[in-house]
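Encoded as structure tokens, the structure appears first; notes follow it.
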Amino acid sequence: MYCEETTVNELKSFYRKYPTIKFAKGEVIFQQNEVPAHVYAIKSGVVKVSNLSADGVDQLISFEIIDDIVPICWAFSKTTKALFYYQAYTDCEFYIMSKEVFEAHMANNVGFANAMLSRQVSSYVGNMLQVDALEKTRAYTKLLYTFRYLCLRYGRDIRRDLVKIYVPLTQQEIANTTGLTRETTTLELKKLREQKILSVRRKYYTVDTSKLNAQIDDEYDPGIDVSMLTKVV
């Protein structure tokens, strides 16, 4: 089995050969429809990926974290431009390399190619869980499934049945993620805190997955280990 530790080691051994660049929180990394000059691999920090509509509405798509590649679609030649808007959600540092170097290493290094495949499959599974959460109709249920997705995509076990989500989230960002209003999100989050399903400190949420599981009408982790999806932070 291609484990997470192997994946991380393969990626880091390649990335660390290249120079780095820093962006402060809030700085734009790539504009939507921009033609990037380089492939960026995240060394530290969190990148917000969003879709900026013609009328200026910023719709959150996802977050990218340590060792992720941005912009991923352009790096793999699936688009000719940055598909979305990329912004430093926290202070960030990136390894930078040419697209040609990235593609050549993918083609000539089986270990690195397997590591990238493992990474993208994890992201794909996470995206399916996000869609599953969005399809729930009740606000309370939608948040339960959203936190399941966040735990599996961005969380790390800190002890048995307790997962910390390593992306700082405001209530507005959670509202944007779920499509709920800020007011509804605030109300439903209060219910989750009162039931000790989650707690928050400085925008970082910790989730009791045992209590979360008791509220969800399917299995919390149907054969998926948290470490199979999340990245080392």
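Remark: region 50-64, residue by residue, has Karplus-estimated 3J(HN,Hα) of 9, 10, 9, 6, 4, 8, x, 7, 9, 9, 5, 9, 6, 10, 10 Hz, where x stands for each Gly or Pro and the curve is 6.51 cos²θ - 1.76 cosθ + 1.60 at θ = phi - 60°. With viscosity 1.306 mPa s and temperature 10 °C, the Kirkwood radius over alpha carbon pairs of region 4-113 converts through Stokes-Einstein to a diffusion coefficient of 111 µm²/s. Residues whose amide H comes within less than 5 Å of that of residue 40, counting only those at least five positions distant or on another chain, are 70 (H built at 1.01 Å from N in the peptide plane).
Comparing 69, 61, 96 in a Gaussian network model of the chain where C-alpha atoms under 10 Å apart are linked, the largest mean-square fluctuation is found at 61. Charged side chains reduced to their Cβ positions (Lys and Arg at +1, Asp and Glu at -1) give region 4-113 a dipole of some 240 debye around its Cα centre.
Can you tell me what the convex hull of the Cα atoms of region 138-229 projects to on average, as an area in nm²?
Values: hull surface 21.9 nm².
So the mean shadow area of the Cα hull is 5.5 nm².
The loop-placed trypsin sites (Lys or Arg not before Pro) in region 57-102, going by DSSP, that have at most 10 neighbouring Cβ atoms within 10 Å of their Cβ come out as 78.
Per Stokes-Einstein, at 20 °C and 1.002 mPa s, what whole-number D in µm² s⁻¹ belongs to the chain, with the Kirkwood radius over Cα pairs as the hydrodynamic radius?
On the way: Rh = 18.5 Å.
Using the Kirkwood radius from Cα pairs, D works out to 116 µm²/s.
A Cβ-based charge dipole, computed about the Cα centre of the chain with Lys and Arg at +1 and Asp and Glu at -1, lands at about 660 debye. Straight-line reach from residue 196: taking Cα to Cα under 26 Å and skipping same-chain neighbours fewer than 8 places apart, the lysines in range are 136, 142, 164, 211, 231. Is the shape of region 68-171 best called rounded, prolate or oblate, per the rule: a/c under 1.5 gives rounded, else a/b larger than b/c gives prolate, else oblate, with a ≥ b ≥ c the square roots of the Cα gyration tensor eigenvalues? Note, shape of region 68-171 comes out prolate.
Derived scalar couplings between HN and Hα for region 86-99 equal 10, 9, 5, 7, 10, 4, 10, 10, 10, 7, 10, 8, 6, 4 Hz in order, rounded to whole Hz, by the Karplus curve 6.51 cos²θ - 1.76 cosθ + 1.60 (θ = phi - 60°), x for Gly and Pro.
Throughout, read-outs are computed from the coordinates displayed, never taken from laboratory work. The structure presented is a predicted model; accordingly, all values stated were derived computationally and were not measured. Please note: Cβ atoms are built from the backbone with ideal geometry, for glycine as well, and neighbour counts cover all protein chains shown.
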